[in-house]
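Asker: Just passing along the structure, written as C-alpha cells.
Throughout, read-outs are computed from the coordinates displayed, never taken from laboratory work. Please read all numbers here as calculations on a predicted model, not as lab measurements. Glycine gets a Cβ as well: all are built from the backbone with ideal geometry, and neighbour counts include every protein chain shown.
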Amino acid sequence: MENFNQIEKDILDKIKSIKNRNSYDSVKTEIFGKKGILTELFKKIGSLDQDQRKEFASRLNSLKTKVTEILEKKLNDFNQLEIDKKLKNENLDVTLPGRTYFSGKIHPVSQVIDEVTSIFSEIGFSVEEGPDVENEYYNFSALNTPENHPARDMHDTFYLEQSKDLLLRTHTSPVQIRTMLKGKPPFKIIAPGRTYRCDSDQTHSPMFHQLEGLHIGKNINMGHLKGCLYYFVKKFFEVEKVKIRFRPSHFPFTEPSAEVDIGYKIENGQIKVGDGDKWLEVLGCGMVHPNVLKNAKVNPKQYQGYAFGVGLDRLAMLKYGINDLRAFFESDIRWLEFYGFDPLDVPTNYRGLSR
Ligand code: PHE
C-alpha cells in the first residue's frame, strides 16, 4: 500500500511552491496531467486485489478532493490578485463631477472678415494679403502721397526703431501696389488685414482692421464703384434699404475721392443700422489715381478702376451693436463670450445670424 501521507505531503509542497499563473499550470499538470501523480495512482486501482482496492480508492479519492479544493483556492487567489492590481492601476472615481467643457468663440472681427470675404467672392473678387510691416514706398510714395503730406506725420504713423524706412502699415492700400506689380491687369481683389495708427478713442484703436478693394480693368467708372458698394452694404447688413451717404473727400491715391457714411441711431444704448440721423464713416474710396497706376506698372491710358478701404471693426460695431471699439482688443473673455460667435455658425449673408 502506497504511503498516502508522504504523497499528500509531496503534493502540498509542490502547491506551496507555486509563485504565479504559469507555475500553477505546470504544477497542476504534474498532479492531474496524463502522467500526473494522481492520474498514475488512479491507473493502479485496477491491478489491486479486491481487499486493498476499496481502501486505496477511497483514500485516493479523498486526496483528490482535497488537492482539487486547494488548487481551486489557489487559482481564486491569483485571479483576485489580478483584479486588485487592475483596480489599483485604473482607479477611477465615478462619483467625481464631470469636467467643465469650455467652447471657444469667434471674435466679431474674424466673423466679419469671413462674411465680407464671402460676399465679395460671390461677385468675382479674389483675396490678397500683404505684410503688416511695410516700407515708406509701398505705404506712401507709390500711393502718390507726397513727402510733406500730413498722413506721413509721426503722430499718425508708427515708425520702426530699426529703420526710418520701415513702419506699421497705416492702411491696406499698399496691397494695391503689391498686387499690381506682381500681375497683369485686369485686377479684382480684396485684401483684409491689420492696420495701425497712433490714435485711440471710442471709435479709434491704434490697431484696427481694414479691407482693401481694387478693381482695375478697361472702362471701369465711378458707377461701378457705387454699384459695388451698394451691393456690398445691402448684403452685409442683410437689409433692402440702408442709408448711405457718399461725401466728396480727398485721398492722394484716388481722384475723384469719396467717403461713405452709414446712417444709424442709438436705441436703448444699442446701435441700430438702417435709419436714424447719425452717421458713421465706414470707408474711403475713389477712382485710382493715374500716378498710382504708373507706379504699379499699369498703363493708365488703357486701364482704370476704383479702390476702396473699409473699416472692418466699424462694420462689426454697426452690425452687431457694439458701441465701444476699444473693448474689441482688451481680450476680456466675458466680452468675447457675449459678442463672439459659435464656431459652428456658418457665415451667411442671406439670413440673420444668431446675434
Ligand atoms: N486707405 C484709405 C484710408 O485708410 C482708404 C481708401 C482706400 C481710400 C482706397 C480710397 C481708396 O483711409
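Asker: Expressed as a rounded percentage, what relative contact order does region 188-230 have, with Cα pairs under 8 Å and six or more residues apart?
Answerer: 39 percent
Asker: Shape of region 164-320 from its Cα gyration tensor (a ≥ b ≥ c, root eigenvalues): rounded if a/c is under 1.5, otherwise prolate when a/b > b/c, or oblate?
Answerer: oblate
Asker: Taking 0.36 nm per residue of sequence separation and subtracting the Cα-Cα distance, how much length would be gained by fully extending the chain between Thr29 and Ser17, in nm to one decimal?
Answerer: My answer for the length gained is 2.9 nm.
Asker: Helix 4-16: angle to the longest alpha-carbon principal axis of the chain, degrees 0 to 90, nearest 10?
Answerer: 10 degrees
Asker: While we're on this one: Find how many whole Å separate the alpha carbon centroid of region 89-167 from the alpha carbon centroid of region 25-55.
Answerer: 88 Å
Asker: Between Glu8 and Leu48, how many nm apart are label points set 7 Å from Cα along the C-beta direction?
Answerer: 1.5 nm
Asker: What does the helix-only formula give at 222 nm for the chain: each DSSP H stretch with n ≥ 4 adding -39500 (n - 2.57), the total divided by the residues, and the result rounded to the nearest 500 deg cm²/dmol?
Answerer: The helix contribution divided over the chain gives -12500 deg cm²/dmol.
Asker: Calculate, in nm to one decimal, what Val133 and Val239 gain on full extension: separation in residues at 0.36 nm each, minus their alpha carbon distance.
Answerer: Extra length from Val133 to Val239 when fully extended: 34.4 nm.
Asker: Now, a different point. Pick from Gly36, Gly286, Gly305: which residue has the top mean-square fluctuation in a GNM of the chain where Cα pairs under 10 Å get a spring?
Answerer: Per the Cα network of the chain with a 10 Å cutoff, Gly36 tops the list.
Asker: While we're here: Return a whole-number percent for the relative contact order of region 4-89, with Cα pairs under 8 Å and 6 or more residues apart as the contact set.
Answerer: 29 percent
Asker: Starting from the Cα of Ser163, step 7 Å along the direction of its Cβ; do the same at Glu122; then give the gap between the two resulting points in nm.
Answerer: 4.2 nm
Asker: Once you sort the root eigenvalues of the Cα gyration tensor of region 4-89 as a ≥ b ≥ c, which label holds: rounded (a/c under 1.5), prolate (a/b larger than b/c) or oblate (the other case)?
Answerer: Prolate, because a/c is 1.5 or more and a/b exceeds b/c.
Asker: Relative contact order for the chain: what is it in percent, counting Cα pairs under 8 Å that are at least 6 residues apart?
Answerer: Reported relative contact order: 16 percent.
Asker: Give me the net charge of Ser103's neighbourhood, meaning all other residues with Cβ under 14 Å from the Cβ of Ser103; Lys, Arg count +1, Asp, Glu -1.
Answerer: -1
Asker: I've got another one for you. Which of Thr170, Thr203, Thr100 moves most in a GNM of the chain, Cα contacts under 10 Å?
Answerer: Thr100
Asker: Where does the longest stretch of the chain lie that holds no GluC sites (Glu not before Pro) found in a DSSP loop with 16 or fewer other Cβ atoms within 10 Å?
Answerer: Longest site-free region, per DSSP loop and neighbour criteria: 241-329.
Asker: What trypsin sites (Lys or Arg not before Pro) does region 1-80 have in DSSP loop regions with at most 11 other beta carbons within 10 Å?
Answerer: Lys19, Lys34, Lys35
Asker: What are the chymotrypsin sites (Phe, Trp or Tyr not before Pro) within region 256-355 that DSSP puts in a loop, where the Cβ has at most 12 other Cβ atoms within 10 Å?
Answerer: Tyr350
Asker: I would also like to ask the following. Please give the contour-minus-distance gain from Asn91 to Gln302: 0.36 nm per residue of separation, less the Cα-Cα distance, rounded to one decimal in nm.
Answerer: Separation in residues times 0.36 nm, less the Cα-Cα distance, equals 68.2 nm.
Asker: Of the trypsin sites (Lys or Arg not before Pro) in region 168-254, which ones lie in a loop per DSSP and count no more than 13 other C-beta atoms within 10 Å?
Answerer: Answer by residue number: Lys218, Lys241.
Asker: If you don't mind, another one. For the chain, give me the percentage of DSSP beta bridges that are antiparallel, rounded to the nearest 5 percent.
Answerer: Among the beta bridges of the chain, antiparallel pairing accounts for roughly 95 percent.
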